[in-house]
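Bear in mind these aren't lab numbers, they're just calculated from the coordinates by the rules spelled out. All figures in this text were calculated on a predicted structure; none of them were measured in a lab. Note that we place each Cβ from the backbone using ideal geometry, even for glycine, and neighbour counts take in every protein chain shown.
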Amino acid sequence: MNLAMKPVVLILAAGLAACATPAMPPRASTPGSQTCASSEVRVDAAFEGGAMAHCQAAGPREFDITIRPEDQPINPSPWYAVRLTPQTAGPVQINLLYGDARHRYRPKTGPDGDNWTYVDDADVRVSDDRSVAHIRLDLDAAPVFLTGQEILTASDYATWMMPYRTRNDLSVSTVGYSLENRPIEMITHHPESGRGSVVLIGRQHPPETTGAVAMQAFVEVVLGSSALAQEFRSTYGVVILPLLNPDGVQHGYWRHNRGSTDLNRDWGPFAQPETRAARDAIDTLDQSASTRPVLFLDFHSTNRDVFYTQPAGEDGTPYRFTGLWLERAGARLPGYEIERAERHQSDLPTAKNYMFGRFMIPAITYELGDDTDRALIRQTAAVFAEEMMAILLDYGLAAAH
Ligand SMILES: [Zn+2]
């Protein structure tokens, strides 16, 4: 593997670099995670987001790593994240053993948990039934992370939110706690007499980091310093719950929270503290016309970029926000195909169905592909953010309830 030959496609920390944030603290360790070692290499998952069910040395520089979900049945999102610590430079082979699951996430490596590079396809061999992935790495004598997607945990969100905590026009509050007592945080902005709030949520599903990349880029534009963003924020509120499943993210879960529940199927039962916290925070917005939700976006990842929306003309706005939004963003993104998947309201207790049913506002699931280029995600998210703001400023007042 020749790292120098390959473009570095994941530059997740790029947005942070400009903020002059202090050096990152080391990643917190998670006691009880699996560890194994040969005479030459140590393998562990004792860090935020780290996950492997079992690990066994098959040779001095070869390891069998078993990948298992937190519980079953579950969606096929087999997350893995391990750290390899070789004593000497040289090749290491990792065999990911998925059992009944199938290899999904293209392996990535990085030295520090913040910068990532795809492992060269030539160094990844997946069995015909996709239940085993053999990964060959050429390592220096230094620790390296090997993961399914970039690691984006509570520490990373904390760093990302740091500039927002000190801004006079924003507040960051804790609206509840996860089952393991991790805070559910909310960033809010409310103008003096607003026309309602845009509500954004993220990370109901732990491995869906491309959705998180989109959300962060989107938020950076909406909370940014452009004239459009400033005008928008003088007219509309912005409410962001970026990390709804902090326990699942911490433990490297595939889908669920600590209560074995898909949070995006709990917007109805509200049996979990994470969804209750979000619901209650949103309910508070409904107490005043100036903060009432006017648009809801829920960021996720899947096998492609796609927007799950209400059917055309039925998003609760007389001016058809959703169609206008995707059309105007599309006009600015030549060559980028925008897929709209129209879905009628159903009994499925998703956040989208709940928010549309409760408020009759556009409620959209914003999905990014697992492999969508991260720079493209950021670029398109910025355009979607700008067009959202422009449309709500142009048309939204006509739709005030
Ligand atoms: Zn999802």
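Tilt of helix 154-165 relative to the longest C-alpha principal axis of the chain, in degrees (0 to 90, nearest 10)?
40 degrees
So what's the range 61-178 giving for Rg/Rh, alpha carbon basis, Kirkwood Rh from the mean inverse pair distance?
Dividing the radius of gyration by the Kirkwood radius yields 1.08.
Could you tell me which GluC sites (Glu not before Pro) in the range 332-371 are loop residues by DSSP with no more than 15 other beta carbons within 10 angstrom of their beta carbon?
E337, E339
Name the shape class, rounded, prolate or oblate, that the alpha-carbon gyration tensor gives for the range 296-385, where a ≥ b ≥ c are the square roots of its eigenvalues, rounded holds for a/c under 1.5, and otherwise prolate holds if a/b is larger than b/c and oblate otherwise.
Cα axes put the range 296-385 in the oblate bin.
Add -39500 (n - 2.57) for each DSSP H run of 4 or more in the chain, then divide by its residues: what number comes out at 222 nm, to the nearest 500 deg cm²/dmol?
That comes out to -7500 deg cm²/dmol.
Restricting things to alpha carbons, tell me how big the chain is in terms of Rg and Dmax, in Å.
Spelled out, the Cα radius of gyration and Dmax of the chain are 21.4, 70 Å.
Looking only at the chain, where both bridge partners belong to it, what percent of the DSSP beta bridges are antiparallel (to the nearest 5)?
Roughly 65 percent of the beta bridges in the chain run antiparallel, per DSSP.
Over the chain, what relative contact order in percent results from Cα pairs under 8 Å that are six or more residues apart?
15 percent.
So what is the relative contact order for the range 27-145, in percent, with contacts set as C-alpha pairs under 8 Å and at least six apart?
Relative contact order comes out at 24 percent.
Relative to the first principal axis of the alpha-carbon coordinates of the chain, what is the inclination of helix 273-285, with its axis defined by its Cα atoms, in degrees from 0 to 90 and to the nearest 10?
20 degrees
Taking other Cβ within 10 Å of each residue's Cβ, how do S290, S77, S197 sort, fewest first?
S290, S77, S197
Helix 321-332: angle to the longest alpha-carbon principal axis of the chain, degrees 0 to 90, nearest 10?
60 degrees
Please report the spacing between the Cα centers of the range 191-236 and the range 269-329 in Å, no decimals.
Taking the Cα centre of the range 269-329 as reference, the centre of the range 191-236 is 12 Å away.
For the range 306-394, what is the relative contact order in percent, using Cα pairs closer than 8 Å and at least 6 residues apart in sequence?
40 percent
Neighbouring Cβ atoms within 10 Å as the yardstick, rank L228, L244, L285 fewest first.
Starting with the residue having the fewest Cβ neighbours, the order is L228, L285, L244.
For the range 143-268, just say rounded, prolate or oblate: build the C-alpha gyration tensor, square-root its eigenvalues into a ≥ b ≥ c, call rounded for a/c under 1.5, and beyond that prolate if a/b exceeds b/c, oblate if not.
It comes out prolate by the Cα gyration axes.
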